[in-house]
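See structure below.
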Amino acid sequence: MGSWISNISIRKNGNISMDDVAGYLSQMASERQYEPAASEEEADGAFAIIADENAQWFTICSDLISLEDPELFPEIATPMSARLHTDVLGIACFDSDYLYLNLINAEDQTDAWIGIGSAAGLGIKRRSGLKAWKKKVADFPAFSACAKQAYICTEEFLVDAEPCLGLPTLQSAASFEYLKDPERKEKTTYYYFKQRDDAQDRKSAQFALYCMHVGLPCLVERESDVSVISEGPESKGLSIYFLGPYVEKDEITFSNVRLGNWRAFAPIELTKEQLPDGQWAYAYHDPEFKIPPMVPNRLRKEKRAHLEMEQHITVRFVPHGNSRQTLDITVVFVPDQNPSGQASWTVWHPWGSKKAFIEFHNKLWKRVRAIEERPENCLPFLREEDFD
């Protein structure tokens, strides 16, 4: 499988020290309701700073910051640049298929962007603008030439562009998960944080999709799962709805419908009903179902993940009928005590269109098939013309 990279670099300008960077990160953590932790064991997360006296940049990696949505990066980088009076560079790589660099300087209003590879299925629409990099790299013609190359693994761009950026690949290709290798470890300082005890949890029942099966499509005669996790207080009462144009005329039906989690499942019965807005649904209601409270954010990442695995709620089912409408299957989990806290799943929605999802699906399963010894464990490739 490919590389996943996520880091932020701050250009040294002669006035910035390691303490300045660490101080800003502490302020950022405080604004997010975190406080310093005495040790890694006590912490909910960390900022790690890679500092090399021979490099032109400090590099930050963290499990408290995500760069997966590039539209949110300016919200992180702009105040950081304004406070430290320098360039801030975000780098993210997605499974070696796509790499983006976004350099922001609040004072000279630079917002330089470059994308390497294909962003298909990622929902990233921004196009490269090389001119904005002209005053930010050492050798602009060489940088431009690198940007126009076709890379099999997009992170190779960071190697070629290293002299232009003045940013060693030891830093530019770093991510929080990869900091334990000896070469990076000796140049990395960790700052640990835990969520404050007075951090506000949600006050109403709330669901969020649980990521285990979010990107797997429903296929006729094949078992599917959809899962949610509680993000609110303990409550009682659960409703589940199967929605879509297939319901009214029973073009798709479901069998072997069960509710539970990895420990145990119990069969449930769906009934067809018309909702107040006029659409038809297959529905299940259990007014006595106990929804657990959310897993506290202040717990360490590993402990939180373990408890979420224990507490997630899954509906399991087998679709039958019109295969052209399976991408229209929508499953909605509703906490009865707060219907607005519902979570809705339709497999293609995160990708913006069925076409984009199908492209993502086929690309993913092509890679899986290349390493999977048992083809029967793989989902089939999808064709856009096979769906409504």
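The values are calculated or read from the model by the stated rules, or taken from the named source; none is laboratory data. Computed from a prediction, not measured in an experiment: that's the story for all the values here. Here the Cβ positions follow ideal geometry from the backbone for every residue, glycine too, while neighbour counts run over all protein chains shown. For the accessible areas, the whole protein counts, side chains as well, though only heavy atoms, and no ligand, DNA or RNA atoms are used. Shrake-Rupley method; radii C 1.70, N 1.55, O 1.52, S 1.80 Å.
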Convex hull of Cα atoms in the stretch 1-45, direction-averaged projection (nm²):
5.2
Around K135: net Lys/Arg minus Asp/Glu count, Cβ-Cβ under 15 Å
-1
Please work out whether the stretch 115-182 counts as rounded, prolate or oblate from its C-alpha gyration tensor, where a ≥ b ≥ c are the square roots of the eigenvalues and a/c under 1.5 means rounded, while otherwise a/b larger than b/c means prolate and anything else oblate?
oblate
Residues of the chain: accessible area per residue at 1.4 Å, in Å²?
50
If you roll a 1.4 Å probe over the stretch 1-139 with all protein chains in place, what percent of the accessible area is carbon or sulfur?
45
For each pair in K131/K355; K12/K125; K194/K236; K125/K363; K236/K272; K249/K354, compute the distance between the two Cα atoms and list the pairs where it is over 25 Å.
K131/K355; K12/K125; K194/K236
How far, in nm, would the chain grow between D160 and R126 when pulled straight, counting 0.36 nm per residue and subtracting the alpha carbon separation?
10.0 nm
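Say R0 is 30 Å: what FRET efficiency, to the nearest 0.05, do N261 and S323 get from their beta-carbon distance? Can you show the working numbers first?
Details: r = 28 Å, r/R0 = 0.95.
Computed FRET efficiency for N261 and S323 comes out at 0.60.
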Between W57 and residues 5 or more places away or on another chain, the pairs with built amide H atoms under 5 Å apart involve K12
Cα-based equivalent ellipsoid, the chain: semi-axes from gyration tensor eigenvalues, Å:
42, 27, 18
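At 0.36 nm per residue, minus the direct Cα-Cα distance, what do E223 and D52 gain on full extension? Give it in nm, one decimal, please.
Length difference between fully extended and current span is 56.4 nm.
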Hey, which aspartates and glutamates would be in cross-link range of K136, C-alpha to C-alpha under 18 Å, not counting anything within fewer than 8 residues on its own chain?
D87, E107, D108, D111, D160, E162
Could you go through the stretch 324-341 in sequence order and give the Karplus-derived ³J(HN,Hα) for each residue, using 6.51 cos²θ - 1.76 cosθ + 1.60 with θ = phi - 60°, rounded to whole Hz, and x for Gly and Pro?
5, 10, 5, 6, 8, 5, 10, 10, 10, 9, 10, x, 4, 7, 7, x, 6, x
Taking R0 as 30 Å and r as the Cβ-Cβ distance between T189 and E68, the FRET efficiency 1/(1 + (r/R0)^6), rounded to the nearest 0.05, comes to 0.75
Under a plain spin-label model, where a point goes 7 Å from the Cα along Cα-to-Cβ, how far apart in nm are Y178 and D386?
3.5
Computed label-point distance, nm, for sites W4 and L364 using a 7 Å Cα→Cβ extension:
1.2
Would you please classify the overall shape of the stretch 58-155 from the alpha carbon gyration tensor, given that a ≥ b ≥ c denote the square roots of the eigenvalues, rounded means a/c under 1.5, and beyond that prolate means a/b larger than b/c while oblate covers the rest?
oblate
3J(HN,Hα) from dihedral phi, the stretch 245-253, Karplus parametrisation 6.51/-1.76/1.60, rounded to Hz, x for glycine, proline:
x, 6, 6, 3, 9, 6, 6, 10, 10
Per-residue HN-Hα couplings for the stretch 51-66 [Karplus 6.51, -1.76, 1.60; θ = phi - 60°; Hz; x = Gly/Pro]
10, 10, 4, 8, 8, 8, 9, 8, 10, 10, 10, 7, 8, 9, 10, 10
Using amide H atoms built 1.01 Å from N in the peptide plane, name the residues 5+ places from S235, or on other chains, whose amide H lies under 5 Å from its own.
I291
Most packed first (mean Cβ within 10 Å per residue), the peptides 109-115, 98-104 order as 98-104, 109-115
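With r defined as the distance between the Cβ atoms of I16 and S39 and R0 fixed at 35 Å, what FRET efficiency is calculated, to the nearest 0.05? Before the final figure, lay out the partial values.
Values: r = 28 Å, r/R0 = 0.79.
Taking R0 as 35 Å, the efficiency between I16 and S39 is 0.80.
So if each residue of separation counts as 0.36 nm, and I subtract the Cα-Cα distance between R196 and N377, what length gain in nm does that give?
60.8 nm
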Expressed in nanometres to one decimal, the distance between label points 7 Å along Cα→Cβ at D286 and K134 is 6.4
Assign one of three labels to the stretch 1-87, namely rounded, prolate or oblate, based on the Cα gyration tensor with a ≥ b ≥ c the square roots of its eigenvalues; rounded applies when a/c is under 1.5, prolate when it is not and a/b is larger than b/c, and oblate otherwise.
rounded
What number comes out for the charge environment of F242, summing +1 per Lys or Arg and -1 per Asp or Glu over other residues with Cβ under 13 Å away?
-4
For the stretch 273-388, what % of the accessible area comes from carbon and sulfur atoms, probe 1.4 Å?
53
Mean ellipticity per residue at 222 nm, deg cm²/dmol - from DSSP H runs of n ≥ 4 across the chain, formula -39500 (n - 2.57):
-6000 deg cm²/dmol
State, as an integer percentage, the relative contact order of the chain based on alpha-carbon contacts under 8 Å between residues 6 or more apart.
17
